[in-house]
Each structure stands twice: as C-alpha cells, then as structure tokens.
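Nothing in this text is a laboratory measurement; each read-out follows from the coordinates by a stated rule. What you see is a predicted model; the values in this text were computed from it and never measured. When we count neighbours, we look across all protein chains shown, and the Cβ atoms used for this are built from the backbone with ideal geometry, even at glycine.
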Amino acid sequence: MEHGQYVNPGNSGFQVILNSEYIDKTGLIGQMNSRIGSSEGLVCVSRPRRFGKSYAAKMLCAYHLYHR
C-alpha cells in the first residue's frame, strides 16, 4: 500500500488550463472597488451556469467584510 499520494502533483494541470479556458478573476476586487460610489455602481455579471458567479460574489463579500 502506497502512502502520501497526492492528487494533481505539480502545476502541469494548471499550465494546461491557463492556455485554454481559464477565467482569471485577479482584477475582480479592484474592478468592483473602482465602481463603489460612482455612477457605474451597478454591475451585471452575465455568465453561463457553473462559471463561479456565486463563488466570486462570496469572495467579494468576504473581502469587504475583512477590510471595513
């Protein structure tokens, strides 16, 4: 019996998706922060199902809860 086996060791899987259908949300917090208090305060996020809209919204809530 083998111990210590890891799922997806290394970053080769990440490199594959980075060059295909990877959706980078790095700038999401900055983009949303720039709209707070502006005339562009409302944002429509139109994405297909299962593309992380709820996950991104929860991340923004957590960020703003922590950075009050």
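The table that follows gives values for the structure above.
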quantity: Meets criteria (touching a helix residue (DSSP H, G or I) at 6+ places or on another chain (Cβ under 9 Å) and part of a loop (DSSP other than H, G, I, E, B)) for residue 60; calculated: no
quantity: Hits in segment 14-68 - residues which are exposed (fewer than 10 other Cβ atoms within 10 Å of the Cβ) and charged (D, E, K, R); calculated: 21, 24, 40, 49, 50, 68
